[in-house]
1. Which is more than 24 Å from residue 87 (Cα to Cα), in a helix (DSSP H, G or I) and either in contact with a Leu (Cβ under 6 Å, 6 or more places away or on another chain) or open to solvent by 60 Å² or more (accessible area, probe 1.4 Å) (or both), of 57, 61?
2. Among the numbered criteria (1) more than 27 Å from residue 38 (Cα to Cα); (2) out of contact with any helix residue (DSSP H, G or I) (no Cβ under 7 Å at 6 or more places or on another chain); (3) surrounded by 10 or more Cβ atoms within 10 Å (Cβ to Cβ), which single criterion is violated by residue 99?
3. Exactly one of (1) of a type in the set (Gly, Ala, Ser); (2) over 14 Å from the mean Cα position of the chain (by Cα); (3) open to solvent by less than 70 Å² (accessible area, probe 1.4 Å) is unmet by residue 68. Its number?
4. Report yes if residue 46 is surrounded by fewer than 17 Cβ atoms within 10 Å (Cβ to Cβ), over 18 Å from the mean Cα position of the chain (by Cα), outside any loop (DSSP other than H, G, I, E, B) and at pLDDT 95 or above, otherwise no.
5. Among the residues of segment 6-35, write down those that are part of a loop (DSSP other than H, G, I, E, B) and in contact with a strand residue (DSSP E or B) (Cβ under 6 Å, 6 or more places away or on another chain).
6. Of all residues in segment 71-96, how many are open to solvent by 80 Å² or more (accessible area, probe 1.4 Å) and closer than 13 Å to residue 48 by Cα?
7. Which residue pairs have Cβ atoms under 8 Å apart, sit 6 or more places apart or on different chains, and have a first residue in segment 97-117 that is modelled with pLDDT of 95 or more and among the charged types (D, E, K, R) and a second that is open to solvent by 40 Å² or more (accessible area, probe 1.4 Å) and not in a helix (DSSP H, G or I)?
8. Across segment 97-135, what is the total count of residues that are among the charged types (D, E, K, R) and either touching a Lys or Arg at 6+ places or on another chain (Cβ under 9 Å) or not in a helix (DSSP H, G or I) (or both)?
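The values are calculated or read from the model by the stated rules, or taken from the named source; none is laboratory data. Computed from a predicted structure; not experimentally measured. Ideal geometry is used to build each Cβ from the backbone, glycine not excepted, and the neighbour counts take in all protein chains shown. These accessible areas exclude ligands, DNA and RNA; they are computed on the full protein's heavy atoms, side chains included. Shrake-Rupley method; radii C 1.70, N 1.55, O 1.52, S 1.80 Å.
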Amino acid sequence: MRATARRDGTGFRHTVQVGDHQVTVDEPVAIGGDGTGPDPQELLAASLAACSAITMEMYAERKGWDLGYLEVSVEYSPPDRGCMTKFELVLRLPDDLPDEHAERLRAIAAKCPVHRVLDGDVMFQERIERVHLAA
């Protein structure tokens, strides 16, 4: 998997290429951006919400459960220095879904790939590649 962010004009706006898709990412006007897209931390919360929802939907489909309605809301609180990062997930499921199915889906949501990455050990490797820009 690869995502590439390229500066898109002036300011903080970037176009992020992910496979065949492009997403505009920017910062809010209040901190100097143009607000033309979600900021990177909002994308992090969006990734967790989408991954959790899709993982639950795939599981329910394999089990033959017709969920009908499914919504995952993620509240992300960026950490203050020395504090833990906090994600609060709210899983909205049909009220007629059996309790045991709802509990199983809650456990499955915690196994989505994005959740696992955020919950596990992470290693970063950064390197610089110089690019010659034509005049």
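1. On the way: 57 fails: more than 24 Å from residue 87 (Cα to Cα).
Going through 57, 61 in turn, just one is more than 24 Å from residue 87 (Cα to Cα), in a helix (DSSP H, G or I) and either in contact with a Leu (Cβ under 6 Å, 6 or more places away or on another chain) or open to solvent by 60 Å² or more (accessible area, probe 1.4 Å) (or both): 61.
2. (3) is the only condition that residue 99 fails.
3. Of everything listed in (1) of a type in the set (Gly, Ala, Ser); (2) over 14 Å from the mean Cα position of the chain (by Cα); (3) open to solvent by less than 70 Å² (accessible area, probe 1.4 Å), residue 68 misses just condition (3).
4. Details: surrounded by fewer than 17 Cβ atoms within 10 Å (Cβ to Cβ): yes; over 18 Å from the mean Cα position of the chain (by Cα): no; outside any loop (DSSP other than H, G, I, E, B): yes; at pLDDT 95 or above: yes.
The answer is no for residue 46.
5. Initially, segment 6-35 is screened for residues part of a loop (DSSP other than H, G, I, E, B), giving 8-13, 19-20, 26-28, 32-35.
Within segment 6-35, just 8 meets the criteria.
6. 3
7. 106/91
8. Kept after step one, since they are among the charged types (D, E, K, R), are these residues of segment 97-135: 99-100, 103-104, 106, 111, 116, 119, 121, 126-127, 129-130.
From the residues that got through so far, the ones that are either touching a Lys or Arg at 6+ places or on another chain (Cβ under 9 Å) or not in a helix (DSSP H, G or I) (or both) too are 104, 111, 121, 126-127, 129-130.
Summing the residues that are among the charged types (D, E, K, R) and either touching a Lys or Arg at 6+ places or on another chain (Cβ under 9 Å) or not in a helix (DSSP H, G or I) (or both) in segment 97-135 gives 7.
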